[in-house]
Structures are given as structure tokens and as C-alpha cells.
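*Asks:* Would you mind keeping the following structure in view while I ask a few things?
The values are calculated or read from the model by the stated rules, or taken from the named source; none is laboratory data. All of these numbers come straight from a predicted model, not from anything done at the bench. Glycine gets a Cβ as well: all are built from the backbone with ideal geometry, and neighbour counts include every protein chain shown. All accessible areas refer to the heavy atoms of the entire protein, side chains included, with ligands and DNA or RNA removed. Shrake-Rupley method; radii C 1.70, N 1.55, O 1.52, S 1.80 Å.
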Amino acid sequence: MGWKTLDDMDLSGKRVLVRVDINVPVEDGTVTDTTRIDRIVPTLRDILAAGGLPVMLAHFGRPKGKYVPEMSLRVTLPALEAALGQEVTFVERPDAAVLAALPAGSVVLVENTRFAAGEEANDPGMAQFLATLGDVFCNDAFSAAHRAHASTTGVAHLLPSCAGRLMQAELSALEAALSKPERPVGAVVGGAKVSTKIALLENLVNRLDLLVIGGGMANTFLAAQGAQLGASLQEPDFIGTAKAIMAQADKSGCRILLPVDGLVAREFKAGAEHKVVALGPDTVLEADQMVLDAGPDSVKAVSDAFNDLKTLIWNGPMGAFEIPPFDTATNAAAADAARQTKAGTLISVAGGGDTVAALNQAGAAGDFTYISTAGGAFLEWMEGKTLPGVAALENQ
């Protein structure tokens, strides 16, 4: 662990710039999902308890360096105040003198950092300005750590810096899952396309003992083995990539587990008439048939494989989980991982894209060891990339 936490910092009487991610969904002027807000509360409370004054920096939407009224962070104030249990001071134009005049125990939210053109450009001038607003920098936005912006990396090089509680939890969970895992370690990687997860798959096959491939991308791997899957979602241009990944897995000793059967239908809609079809190199589906989920034998094979693991990473659904009955494999496998985690026999870490929605729908998220709130940052970490926001903390 090459980064400091709040416990390593003297916060008493200090203004603490806290980079948070409260880029939350809003409808009709109201926050509809407070998960990201709820996750930053421990950091804010710990700063207050240590005698510090938290000054939150955050982005909202993509205003591209201009003031866009609909993307003001003011909309998050009611949800922030409800989660924290106290008033939050909103500052449109931050100024060191204004912040210094606030009474102890205050909590501040600064307007959308992306209203400034220098934010996404990681402009040194903006970073210098942000540094005048605080005495300590605390990054609690792992989900924005893959961005080299003024408020994520620039200011981190100018002030004593540390990780907040959420950042600390994310990094600790991911290090336990991939950097120093209890072995055997495996992963479920699902989703629609191989093309969006090439780097992820190429990294994982060199680091895992087991790789379960599901969703539409499994069709491309089956096609690479010779299967003819009709109208199933697949990427013919990436069959060569799939073959190369399977060859590398053989070389590195990573077992790849593909579906051995699937739910096949002629329509992509809820409740569509379907049947279970065996899947393998010799499978030939009719032109209008498509595989929309893994079948019961595949689910059993995944469950059996989980029994041999100590650590599991989950990214992406195993089928068209949005529409029943093609959510069956995702729900069953997720429930099994949750059961083993609850029993204390498995460490399970999940995140990225549709993953959280799929695990929530399965009723399994609550029993996973850790669910990441990050999307792109989670994937880039899994791909083995250096995240600028993390690297800036490690260089302290």
C-alpha cells in the first residue's frame, strides 16, 4: 500500500479538499439513486471528527468547460444534507478567504469543477488555484481516478495528500482481488462485446486460474471454436482475437469456461418462446435463432467451478439479464457466489457497467465482499493500467 489514508494526516484546524464522485442520476430535479452520496459520508464524518473542514470538489455531467445551469451540483444538496445529517454550504465561486471565514464543523460543496476549462485539461494554473483553497487533499473518488484532471491529479501533487475511506476501500478490495489474491482466483467476465474488453481479457488470462466468459462475448468465443450461432450477437471481426486469448490462456494455465448450453429464442423480448440447446464447436443454429442466456448445464459448471475458488472477480452479466427468462444464469450464478461469500469460503469483488445492476436484480449484491461504485476506473484497473489519480497519491 503506497498511499496514505486519513489516519496518517493531521487534520485538526485544516481545510481538507475532498475530491468526491457524486455524479448521480437525477430526474425532475431530484436525485434518484443516492448510492454514491451515501458512500462518501464516512470520509466526511471522519474529517469532521478529526477537526477538519471538508471542502468537496466534484463534477456533474459533461459541460465541457462551460457553465451549464442544468449541470449545477446544487441539485445534489438535499440528498447530501439528508445523508450527512447537517447543512452543506454551497459555493459557486470558491475563494480561500470565504472558506477561511466559515465556522468549524462546516461542510462545503464547490460548484461543478468541469465548468472550468482547465479541469479536464489538468491545467497547472487551475491546480494551483485549487491548492489555495485547502491545506490537505483527500481523494475519495476512485471512480474518477482514471482521469488525469486538475481536481484528481494536479492538486494532489501540490498538497499533502491521502485516500478517503471509499478510495481506501476500493483500492484495498482490488488489491486483495487481483494484486495479491488468495488463490485459486477466478473471474466472471460477461457483456455484449469482446471488442470492449480485449485489454481486460488479455490481462486476466495471465493472472487468473479460471475465467468464466458469458453474455454476447461468449458467442464470439464459441464461433472461434467453430460454432454457427445464427442470429446470435457475435463479432466476426474479433474471432482471431478470441482465438489468441484462448491460446494465451492455455499457455498461462488459465482455464476458460464457456457456456456448454444456452437458452435459444427467435425473438429478443421478455417471455419469448425458447428452448435449451447444447453449445459447442459443432453447434449449428438456424439463421433466425439466437443464444440469449447460458443454460442449466452451464450454470452448474460455473457453480462447480466457484467451489474451487478462494477469490472471485465479477464484471458483466452472463446473458440478456434485463429481460426474463434470460436473466436466469446471471441470477443463479450470482446467488451462488453470494452464498459462498456469506459462508466465508469466497472473497468476491464486483464492479463496472451493468454489473451492479445485474447483481442487485439478482438480490446478491449485499452478500458480495465488495461492490465497486466505479465503472471505467474499475475496468482500467482490471486491465492492469496505471490510474493517474491513484499514482498521484502513491507519489506522496
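*Asks:* What number comes out for the charge environment of residue 223, summing +1 per Lys or Arg and -1 per Asp or Glu over other residues with Cβ under 12 Å away?
*Replies:* Net of charged neighbours comes to -1.
*Asks:* Sticking with this structure for a sec: Given a Förster distance of 56 angstrom, what is the FRET efficiency for residue 284 paired with residue 49, based on the Cβ-Cβ distance and rounded to 0.05?
*Replies:* 0.30
*Asks:* Fully extended, how many nm does the chain gain between residue 386 and residue 310 (0.36 nm per residue separation, minus their Cα-Cα distance)?
*Replies:* 24.8 nm
*Asks:* For a Förster distance of 25 Å, can you work out the FRET efficiency between the beta-carbons of residue 172 and residue 396, rounded to the nearest 0.05?
*Replies:* 0.90
*Asks:* Among 141, 96, 150, which one shows the highest mean-square fluctuation when the chain is modelled as a Gaussian network with alpha-carbon springs under 10 Å?
*Replies:* So, out of 141, 96, 150, the one fluctuating most is 96.
*Asks:* Would you mind getting the accessible area per residue of the range 313-396, heavy atoms of the protein chains only, 1.4 Å probe, in Å²?
*Replies:* 34 Å²
*Asks:* Too long at a 29 Å Cα-Cα cut-off: which of 251/385; 269/385; 269/300; 14/64; 197/251; 275/342?
*Replies:* Violating the 29 Å limit, Cα to Cα: 269/385; 14/64; 275/342.
*Asks:* Return the FRET efficiency for the residue pair residue 268, residue 10: r is the Cβ-Cβ distance, R0 is 45 Å, and the value is rounded to the nearest 0.05.
*Replies:* After rounding to 0.05, the efficiency reads 0.20.
*Asks:* Can you give the three extents of the C-alpha atoms in the range 53-124 along their principal axes, from longest to shortest, in whole Å?
*Replies:* 33, 26, 16
*Asks:* With a 1.4 Å probe and all protein chains left in place, how much of the accessible area of the range 150-206 comes from carbon and sulfur atoms, in whole percent?
*Replies:* In the range 150-206, the share of accessible area belonging to carbon and sulfur is 53 percent.
*Asks:* Whenever you get a sec, compute what percent of the accessible area on the range 257-301 sits on carbon and sulfur atoms (1.4 Å probe).
*Replies:* Carbon plus sulfur share of accessible area: 56 percent.
*Asks:* What nm value, rounded to one decimal, do you get for the distance between residue 179 and residue 41 when each label is placed 7 Å out toward the C-beta?
*Replies:* 2.9 nm
*Asks:* Enter the Cα centre distance for the pair the range 251-324 and the range 133-163, rounded to the nearest angstrom.
*Replies:* Using only Cα atoms to place each centre, the spacing works out to 41 Å.
*Asks:* Could you check the simple spin-label distance between residue 64 and residue 195, using points 7 Å along Cα→Cβ, in nm with one decimal?
*Replies:* Label-label distance for residue 64 and residue 195, simple model: 2.4 nm.
*Asks:* Considering only DSSP states other than H, G, I, E and B, which chymotrypsin sites (Phe, Trp or Tyr not before Pro) in the range 308-396 qualify as loop sites with at most 11 other Cβ atoms within 10 Å?
*Replies:* Within the range 308-396, no chymotrypsin sites (Phe, Trp or Tyr not before Pro) qualify (loop, at most 11 other Cβ atoms within 10 Å).
*Asks:* Find, to one decimal place in angstroms, the Kirkwood hydrodynamic radius of the range 179-307, where the mean of 1/r is taken over every pair of different Cα atoms and then inverted.
*Replies:* 14.9 Å
*Asks:* Grab the Cα-Cα distance for residue 202 and residue 247, subtract it from 0.36 nm times how many residues apart they are, and report the gain in nm with one decimal.
*Replies:* Length gained, residue 202 through residue 247: 15.1 nm.
*Asks:* Mind checking which of 110, 68, 188 has the largest fluctuation in a GNM of the chain, springs on alpha carbons under 10 Å?
*Replies:* Looking only at 110, 68, 188, the biggest GNM fluctuation is shown by 68.
*Asks:* Taking only protein heavy atoms into account and a 1.4 Å probe, give the accessible area per residue of the range 19-169 in Å².
*Replies:* 41 Å²
*Asks:* A further question follows. Skip the ligands, DNA and RNA, and give the accessible area per residue of the range 236-278 with a 1.4 Å probe, whole Å².
*Replies:* That works out to 60 Å² for each residue.
*Asks:* Using 0.36 nm times the number of residues separating residue 322 and residue 225, minus their current alpha carbon distance, what extension gain do you get?
*Replies:* 32.1 nm
*Asks:* Leaving out ligands, DNA and RNA, what percent of the accessible area of the range 1-123 is carbon and sulfur, probe 1.4 Å?
*Replies:* It is 48 percent, rounded to a whole number.
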